[in-house]
Amino acid sequence: MASVFVTRRIPGDALERLAAEHRVEIWEGRLQPSHAKLLEKARDVQGLLSLLTDRIDRDVIASCEKLRVISNYAVGVDNVDIEAATERGIPVGFTPDVLTEATADATFGLLLACARRVVEGDHVVRAGRWLTWEPTLLLGQDVHGKTLGIVGLGRIGKAVARRAEGFGMDVIHTSGSSGVPLDELLERADFVSLHAPLTEASRGMIDEAGLRRMKPTAILINTSRGGLVDSGALTRALERGWIAGAALDVTDPEPVPRGHPLLEAPNLILNPHVASASIEARTAMADLAVENLLAGLAGEPMPKCFNAEALATPRAP
């Protein structure tokens, strides 16, 4: 029986299955534990179930001498120092696949809501400004027949492309190994949807130069990671009309603090990082995160291990 620290309670009954086999402590706060508290709680555990808001850096990994397994409740692992974990021989689990369709649904929901000004319409009605049917009230953009540019054609990007087919959209993409150059995609697309992982190379990939390349009628959607977009440049793009609008499920910084200029930008929809927040997807994520952790603690291969290949590669002496 191992000791496990879970950095917040997750949906479903997966944690009950974990507690049936191991000693489990769950952080019950609505917010994640501070970095100092994380170090304190994880110092003597063998297993760690983390969320994307937890910074599992080299200090945490070095300080937790008994740590044998990390299971990240997320499809991304940019919050975990993979190199440090691999050096220690620690497998890092993650939760791909199970949130693909939910995130793609949310992406297309944001695209439609921004194009057809759904949130603005709700505000008009609630504010008592709906006087009558008007031929020019809240004119939006058609989605059908337009060009969708997908940045990062992984699982989620492909799922978004499938949905676009139903709207008769022309889909173009850019990725590490295929598609058109990013600059060309930005120039051609009516809608740009981001699905790339956050790395040092991709951080700020949508910057001022990129936003200026986009059509003045174009809309940007981001359900991946906030750091892909230069928030200051996006604010200026919306204020100055370089693009028509944006819909973000993720931001940089995250959450957006009060008084941040992004909150005053026009033609912008903001969601609190909930693209995968369907009951089915979040429960499946919990099941997979716990399965990863149980397998790792048993010394068995994880169902989904991010650094499995690196761990299997012999290290130079």
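The values are calculated or read from the model by the stated rules, or taken from the named source; none is laboratory data. Values in this document were obtained by computation on a predicted structure and should not be read as measured data. All Cβ positions, even for glycine, are placed from backbone atoms using ideal geometry, and neighbour counts span all protein chains on display. Each accessible area value is taken on the protein alone, full model and side chains, heavy atoms only, with ligands, DNA and RNA left out. Shrake-Rupley method; radii C 1.70, N 1.55, O 1.52, S 1.80 Å.
Here are a few things to note about the model shown:
- Scanning the range 93-105 turns up at least one residue that is over 28 Å from Glu21 (Cβ atoms), among the aliphatic types (A, V, I, L, M) and touching a residue at least 12 places away in the same chain (Cβ under 8 Å).
- Flag if Leu268 is of a type in the set (A, V, I, L, M), closer than 28 Å to Arg117 by Cα and open to solvent by 20 Å² or more (accessible area, probe 1.4 Å): yes
- Of the criteria (1) among the aliphatic types (A, V, I, L, M); (2) in a strand (DSSP E or B); (3) open to solvent by 20 Å² or more (accessible area, probe 1.4 Å), which one Ala277 fails: (2)
- Once the range 184-223 is narrowed to residues that are of a type in the set (A, V, I, L, M, F, W, C) and more than 19 Å from the chain's Cα centre (by Cα), the residue that is farthest from Ala161 (Cα to Cα) is Ala209.
- Of the strands (runs of 3 or more DSSP E) lying entirely inside the range 134-252, those carrying at least 1 residues that are modelled with pLDDT of 95 or more and open to solvent by 50 Å² or more (accessible area, probe 1.4 Å) are 170-174.
- Criterion: modelled with pLDDT of 95 or more, under 24 Å from the mean Cα position of the chain (by Cα) and open to solvent by less than 10 Å² (accessible area, probe 1.4 Å) - qualifying residue of Ala2, Ala106, Ala85: Ala85
- Failed item in (1) touching a residue at least 12 places away in the same chain (Cβ under 8 Å); (2) under 30 Å from Leu111 (Cβ atoms); (3) not in a helix (DSSP H, G or I), with Arg258 passing the rest: (1)
- Any chance Glu120 is at pLDDT 95 or above, out of contact with any Ser or Thr (no Cβ under 6 Å at 6 or more places or on another chain) and exposed (fewer than 10 other Cβ atoms within 10 Å of the Cβ): no
- Complete set of residues in the range 271-317 that are modelled with pLDDT under 95 and of a type in the set (Lys, Arg): Arg315
- Screening the candidates Ala74, Ala104 for the property of being farther than 30 Å from Met1 by Cα and of a type in the set (Gly, Ala, Ser) yields one hit, Ala104.
- Annotation note: of Asn307, Asn292, the sole residue that is crowded, with 23+ Cβ neighbours inside 10 Å, touching a Ser or Thr at 6+ places or on another chain (Cβ under 6 Å) and either hydrophobic (A, V, I, L, M, F, W, C) or in contact (Cβ under 8 Å) with a residue 24 or more places away in the chain (or both) is Asn292.
- Residue that is nearest to Glu120 (Cα to Cα) [pool: residues in the range 280-316 that are assigned to a helix (DSSP H, G or I) and β-branched (Val, Ile, Thr)]: Thr283
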